[in-house]
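The values are calculated or read from the model by the stated rules, or taken from the named source; none is laboratory data. Bear in mind that the values here come from a model prediction, so they are computed numbers and not experimental data. For neighbour counting, all protein chains shown are included, and Cβ atoms are generated from backbone atoms with ideal geometry for every residue, glycine included. Areas reflect the complete protein model, heavy atoms only, side chains present, ligands, DNA and RNA absent. Shrake-Rupley method; radii C 1.70, N 1.55, O 1.52, S 1.80 Å.
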Amino acid sequence: MTNRTKWLVAVPFALLVGLAVPGLVARDWLWFTHRWSDTLYVILTTGMWLAATAFVDVTRPRGKRDRANALIPLGLILSVPVAVWDRTYGLARNVPAGVSVVGVVLSAAAIALGVAARHHLGHAYAPRGDAQEGSVLVLHGPYRVVRHPIYLAALMWVVAWPLILGSIVASALALGILLPAIVRRIREEEAALLRVHGDTYEMYRKRSWRLIPFLY
């Protein structure tokens, strides 16, 4: 597969997850036309997978495959039918409209943080965070405060994105699946970074937060 042919898989998959599956769950192919928040949710759901594809260079090594890596896309995929079901038949039908607004604001913040972190990472970015000899340690931008801002953005996203439909259930489900997987990946990546960068990374760890400022 090349960076051109990857779209032959990515586009149908994005439409399947963003449009087809929600339509089947809601039993209404136009369910997302009833409220602005529903429309925005579908746009963001479809766009999420397309944006992820755009960031991935399939010609670069993807690193080892393990259960933690598989759980992250699984949590994102499962969140969609759960959120749509909750919005159509469950508790989310009675959630105040303000929850959708909170979801939009937090989603925008997650996107902004993720884009900023990826920008500052530049050529130092490696799929699945595999640290290699000679790699550059990025200490500027959001990395000044948090050692893993891309993962923080991902966690913010999985909480905020289902809230656009008012689905607290889907937010909790996605967070419950992704958080353990991300914590495991952080531990593995930090061990690799410590091996590669030694005392420089150890000093960086002492003056920064791992994932959430002032908490963790």
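Numbers below:
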item	result
Given (1) open to solvent by less than 50 Å² (accessible area, probe 1.4 Å); (2) at pLDDT 90 or above; (3) under 18 Å from the mean Cα position of the chain (by Cα), number of the condition GLU189 does not satisfy	(2)
Of all residues in segment 113-132 being open to solvent by 60 Å² or more (accessible area, probe 1.4 Å) and more than 19 Å from ARG185 (Cα to Cα), the one that is modelled with the lowest pLDDT	HIS123
Within segment 140-157, tally of residues that are open to solvent by 20 Å² or more (accessible area, probe 1.4 Å) and touching a residue at least 40 places away in the same chain (Cβ under 8 Å)	8
Top-ranked residue of segment 40-65 - restricted to ones that are closer than 30 Å to LEU163 by Cα and open to solvent by 90 Å² or more (accessible area, probe 1.4 Å), ranked as modelled with the highest pLDDT	ILE43
Pick from segment 4-39, criterion over 24 Å from ARG93 (Cα atoms) and outside any helix (DSSP H, G or I), ranking: most open to solvent (accessible area, probe 1.4 Å)	ARG4
Odd one out for PHE214, checked against (1) without any contact (Cβ under 8 Å) to a residue 24 or more places away in the chain; (2) surrounded by 16 or more Cβ atoms within 10 Å (Cβ to Cβ)	(2)
Options LEU179, LEU163, LEU106: the member that is open to solvent by 50 Å² or more (accessible area, probe 1.4 Å), within 30 Å of THR33 (Cβ to Cβ) and at pLDDT 90 or above	LEU106
In segment 166-175, the residues that are part of a helix (DSSP H, G or I) and either among the hydroxyl-bearing types (Ser, Thr, Tyr) or open to solvent by less than 10 Å² (accessible area, probe 1.4 Å) (or both)	ALA170, SER171, ALA174
Checking ALA92 against (1) at pLDDT below 95; (2) part of a helix (DSSP H, G or I); (3) open to solvent by 50 Å² or more (accessible area, probe 1.4 Å), the condition it does not meet	(3)
